[in-house]
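Visitor: Pasting a structure here, questions to come.
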Amino acid sequence: MTIPHLMTLADLTPNQIMRIITHAKYLKNTSLPWLAPQRSEKASRLRMPSQSLFNKTIALLFSKRSTRTRVSAETAAVLLGGRALFLGREDIQLGVNENVRDSARVIGGMCQGIFARVGEHEEIEELAKYSPVPVLNALSSLWHPTQVLADLLTLHEHAQIFGLAEPAERVSLETGKSEKPTRTLLQSPRPLTVAYVGDSANVLHDMLVSYPRMGHKLQVASPEDPKYRAPKPVWDRVVELGCDKNISWGKDPKEAVHGADLVITDTWISMGQEAEKEQRLKDFAGYQVTEELCREGGANPDWKFMHCLPRKPDEVSDEVFYGPRSLVWDESDNRKWTIMALFDLLFGKWNLLAEKPQHPPAPKA
């Protein structure tokens, strides 16, 4: 049976994406019951999350520094009854005395899942190719699926402030008649206009293959230099999924924020690009997200702001970042719950993430 690795949200259907963020909300509510609507004293009691990782170990294979991803992964694994084993670049032989293929087999033979934060995307592809257990992309040069899942959960949690989507009626399989939609754990926001202002990096790439399929419109602004635009492997996936029809891309930040309900940016200088700092700051002059930019560009008066963190003041003003428009702290907190949902579904219960029920392959004799 094919092992269910996850490299990007382009690998998932919209239903699977909703399944993950709904499960994340369930885990959040049951682990932090005071966040959920209280119906009774019994309903408000703390409940133990699924212990699907009991007696299991997840290898955290990190070749890049991390705060949110590492803390989220370690605490999520504990809540699921398992252990997260942190393996930094100085801790193991990978890339020193052992190649990726051999390391994947060794780590996969002792752990039940690999959560890998790497440099070039080819590294995680090779890891997944030879790993006998599921590999989950914690970040690569091309994709950052766990961050965008946290962003989507945050949007759905704040659906009320954007306006709710009309729940679709469904047809009963028994009577053939339309039925009123039932209340769900996670409400959906109406279709949004989302502006992204900044570099075409891994966070935006997973936005490009997910937001349009979730019903939202993307308006992107980045400098004209090709290095600031989506690379071919990413854009090929965008077109393959039909997402390009709901994406506009230009160089003017004011055009990008026009009519925007949500404005997002990311770092302009990623890890490994420090030598380009001076040139990048020049190229992104005028791209800082500010009240003035969004007012002059004609953003929705009630627009909100998100950033994956860590944030630098060049990218967004303090007024926006620390002000009432900012959703960054909810977004940061939700990294834990979406990673926990992925650990539960991918490493603990493989069948729950599949379109069709599956079971983990039996160990080879």
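The numbers here are math on the coordinates, done by the rules we state, and not lab data. Remember, predicted model here, so these are calculated numbers, not experimental data. Glycine also receives a Cβ, built like all others from the backbone with ideal geometry; neighbour counts cover every protein chain displayed.
Visitor: Please state the shape class of the range 258-332: rounded when a/c is under 1.5, otherwise prolate if a/b exceeds b/c and oblate if not, all from the C-alpha gyration tensor.
Guide: It is oblate, given that a/c is not under 1.5 and a/b is not larger than b/c.
Visitor: Amide H of Tyr196 versus every other amide H placed in the peptide plane: which residues, excluding those fewer than 5 positions away on the same chain, fall under 5 Å?
Guide: The answer is Gln219, Val220, Ala221, Ile264.
Visitor: Still on this structure, I have one more. What value, in deg cm²/dmol to 500, does the helix sum -39500 (n - 2.57) over DSSP H runs of n ≥ 4 give at 222 nm once divided by the residues of the chain?
Guide: -9500 deg cm²/dmol
Visitor: Okay, moving on. Name the most mobile residue of Val263, Val239, Val197, meaning the one with the largest mean-square fluctuation, in a Gaussian network model of the chain with Cα contacts below 10 Å.
Guide: Val239
Visitor: In the range 62-125, what is the volume of the convex hull around the alpha carbon atoms, normalised per residue and reported in Å³?
Guide: Each residue corresponds to 90 Å³ of Cα convex hull volume.
Visitor: Compactness ratio of the chain: Cα Rg over 2.2 N^0.38 Å, N = residue count?
Guide: Here the answer is 1.01, to two decimals.
Visitor: Could you give the length gained on full extension between Lys245 and Lys282, defined as 0.36 nm per residue of separation minus the Cα-Cα distance, in nm?
Guide: That pair, Lys245 and Lys282, stretches by 10.2 nm at full extension.
Visitor: In whole Å, what is the distance between the alpha-carbon centres of the range 59-118 and the range 246-314?
Guide: 32
Visitor: Related question: Given points 7 Å out from each Cα along the Cα-Cβ axis, report the Leu185 to Thr22 separation in nanometres with one decimal.
Guide: Those two pseudo-labels are separated by 0.9 nm.
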